[in-house]
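S.K.: Please see the structure below; I have some questions.
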Amino acid sequence: MTRPIHLLDIANRMLDLLDHLPRARIQPRRPYVHRPEHDPPHVRAARAAAEEARANAALSAADAKRARRNAARLKARSSA
């Protein structure tokens with residue numbers, strides 16, 4: 001008399017068959033590198049606006065520095 005086939009028997013047989021398949025080689029992932037040229041248009045526009053604002057802030061900081069220097073020179077001249 002044959003014994004009934006249980007689900008565990010089927011699962012073990014499937015695992016045995018899987019052992020004979022070639023193993024998949026895991027490829028190492030390449031590190032993520034952001035490429036600005038692939039950005040969508042709204043991101044490019046926002047980046048351009050931020051760069052322009054940064055440049056304007058640098059200019060205004062330079063202008064303020066120059067104005068402080070000029071004021072100090074004028075004050076030194078007037079007091080001398």
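The values are calculated or read from the model by the stated rules, or taken from the named source; none is laboratory data. Note that the coordinates shown come from a computational prediction; the quantities given were computed from them, not determined experimentally. Ideal geometry is used to build each Cβ from the backbone, glycine not excepted, and the neighbour counts take in all protein chains shown. We work out accessible area using only protein heavy atoms, side chains counted, and drop any ligands, DNA or RNA first. Shrake-Rupley method; radii C 1.70, N 1.55, O 1.52, S 1.80 Å.
S.K.: Could you tell me whether Arg54 is under 34 Å from the mean Cα position of the chain (by Cα) and part of a loop (DSSP other than H, G, I, E, B)?
M.R.: For Arg54, the condition - under 34 Å from the mean Cα position of the chain (by Cα) and part of a loop (DSSP other than H, G, I, E, B) - is not met.
S.K.: For segment 48-66, name all the residues that are closer than 30 Å to Pro36 by Cα and open to solvent by 70 Å² or more (accessible area, probe 1.4 Å). Before you say what the answer is, go through the steps one by one.
M.R.: Filtering segment 48-66 for residues closer than 30 Å to Pro36 by Cα gives 48-62.
Result: Glu51, Glu52, Arg54, Asn56, Leu59.
S.K.: So, one more: Only one of Arg69, Arg44 is charged (D, E, K, R), touching a helix residue (DSSP H, G or I) at 6+ places or on another chain (Cβ under 9 Å), surrounded by 10 or more Cβ atoms within 10 Å (Cβ to Cβ) and assigned to a helix (DSSP H, G or I). Can you tell me which? Outline the logic, then answer.
M.R.: Details: Arg69 fails: touching a helix residue (DSSP H, G or I) at 6+ places or on another chain (Cβ under 9 Å).
When all the criteria are applied, what remains is Arg44.
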